[in-house]
Structure formats: C-alpha cells, structure tokens
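Presented below is the structure to which this report refers.
Rule-based calculations on the coordinates, nothing more; no lab input. Nothing here was measured: the structure is a model prediction, and the numbers come from that model. Methodologically, a virtual Cβ is constructed for each residue, glycine included, from the backbone with ideal geometry; neighbour enumeration extends over all protein chains shown.
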Amino acid sequence: MSPAPDPLEAALQALSAETPRQPGSVQREVWRRLAHAESTPTSRTQHGWWRIEAAFAHPAFATVFVAACLLLGLFLAEVRLNRAQHERTAALERGYLQLIDPLLSATHLPRAESAAHQP
Amino acid sequence: MKRTLLVLSLGLVAGTTAHVGWFAAKRPAPVDSLDTQLAWIRTQLDLAPDQYRQLKHLHEQLGPRQLQLAAEVERLRAAFARFERERREAGEVDFLEVARAAADSRSLDRECEASARQLVSAATRVMTPEQRQRYLRLLAPALKDAAADQPL
C-alpha cells in the first residue's frame, strides 16, 4: 500500500509550474543598471558628499579638523619664517661685507642659500 | 550641510589666523642700520658686552669713511658705464676724461683696501682667536678680493 501523496508537495509543484522562469537577461539588466547608476559622477559625488557630511556631524571629527587646520597654519608660518630668516641673514652679511669693502661687487656677495653661517 | 560648511569655514579661519598671527609675532626685524648688522655680528661671534662696545665704537668711527668710499665707488662705476654707453652710441670717447677716471679708480681701489684692512685688523684685535677665525670666515668674500692684490 503506497502512502497518500503529500498535499504540500503537490501545491509546491503547482506553484513552480505556474511561476514563469525569469529570463537570465532580466537579472543581468538589473545588475547592469545598478552598476551604471553607481558609477555615474553625480552619484559618486553625492555619495562622497554624504560621507563628508556624516564625518563632520561627529563633534570629535570637527574638533580634530579645526585643530589640524590651525596646526597647518602654524607649520606654514614657520616655513615662511625660516625662509625670511635666511634672507635676512644673507642681507645682513651682504650689507656688512659692503661696508667693509666698498669695492666688493654684487656678484661676489653671498646669496640666500649659502648665507646660513653657523658659529 | 550647514554644519559641514560651518566647520570648514571655522577650520579655514583658524588656520589663516594662526598663520598670520604667528608670522607677524615672529617676523625678523628689517635690516636697516649699522646697529642691526653689529647685533648680528655679536650673535654670530658670541661677543661679550665689552667686546661689543669696542667693536661698535670702532665701526662708528670708521664706518662713515667706508660709506664715503662706497659712494665714490658708485660714482666711478656710473662714470665708466656712461663712457661705455657713449662709446657704443657715438663711437667716440673723451680719452682725457677716461684716463682721469681710471687714475681716480686706481687710487680709490688702494684707499678702499687700506681702509678695509684697517677696519678688519682693528676689529680682530678686540676678539679672541676663535672669534677672529669665525669673523674672518664671515668676511671671506671680501678678503678674497683684497687678497688678490695683497694679503691682509
């Protein structure tokens, strides 16, 4: 005596017979469109901006950013000061040498690069 | 959006203010006088207050003569440039005037060298041997010129 057929199995078979198979091209098309949407410049920009906004929304990140700007400003000022100091040393040396020897022409005088004499 | 722009502006303002403020506070003084040059020499040579006083007195005494010589050198250089210009443009020069300027130039060269030697040797007398060495190193370009004719 064979067992009675399972009604659930029959229902599942009926369902698969009624659901039409998705053609492979539809799936590919969906993925293609998604990829295209993600790779457009507008989408990338929007995504990037959204990430920046999310970062700046954190008070800790905003504080670190402002502090970094401040330190960068100080660093660039130090670089400028260093250069100004070198130029000043060269100018002092030039002026003093010309005072000592008025015959010394400008071509004999030290330039800013070679002026950093250390005692 | 508003918050992001606010933080960005704040960072920009903070960085610019720090840069300008720090540079203005630490900017080196301009080179405008003999005092500035002597203060530089004092730092370079680690001069004691007494040495600095003597050196300053020496420069104040001999400096005006050097400046006068420098003005004379400039005048002669301008004269030679004018002779050269005339030679190119007119094709002739006043040889008498050129000869007179050349004689002036030779005499001025001797005077400049003697004056420079006097100043340098007087300055080195107030220094220690180590300071003297450093001072002469600083003056190397000037001394090289002078040494071409006669050693100091």
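Overview of values
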| quantity | calculated |
| --- | --- |
| Efficiency of FRET from Cβ geometry, B:Y52 and A:E78, R₀ 41 Å, rounded to 0.05 | 0.90 |
| Projected label distance in nm at B:D35 and A:W49, using a 7 Å step from Cα toward the beta-carbon | 5.9 nm |
| Test item: B:2-12 mean partner chain Cβ contacts at 10 Å | 5 |
| For B:A90, net neighbour charge (Lys/Arg +1, Asp/Glu -1) across residues whose Cβ lies under 15 Å away | -2 |
| Label zone at B:R137, where the point sits 7 Å out along the Cα-to-Cβ direction: the stretch B:25-54 residues whose backbone N lies under 11 Å | B:45 |
| Helix-derived mean residue ellipticity, 222 nm - over chain B, DSSP H n ≥ 4, -39500 (n - 2.57), to 500 | -30000 deg cm²/dmol |
| Inverse of mean 1/r across different Cα pairs in chain B, Kirkwood, Å | 20.1 Å |
| Per-residue average of Cβ from other chains inside 10 Å of B:25-37 | 4 |
| Residue-averaged beta-carbon neighbours from other chains (10 angstrom radius) around B:109-122 | 2 |
| Span-like helix ranges in chain B, DSSP H, alpha carbon extent 27 angstrom or more, Kyte mean at least -0.5 | B:2-26, B:95-125 |
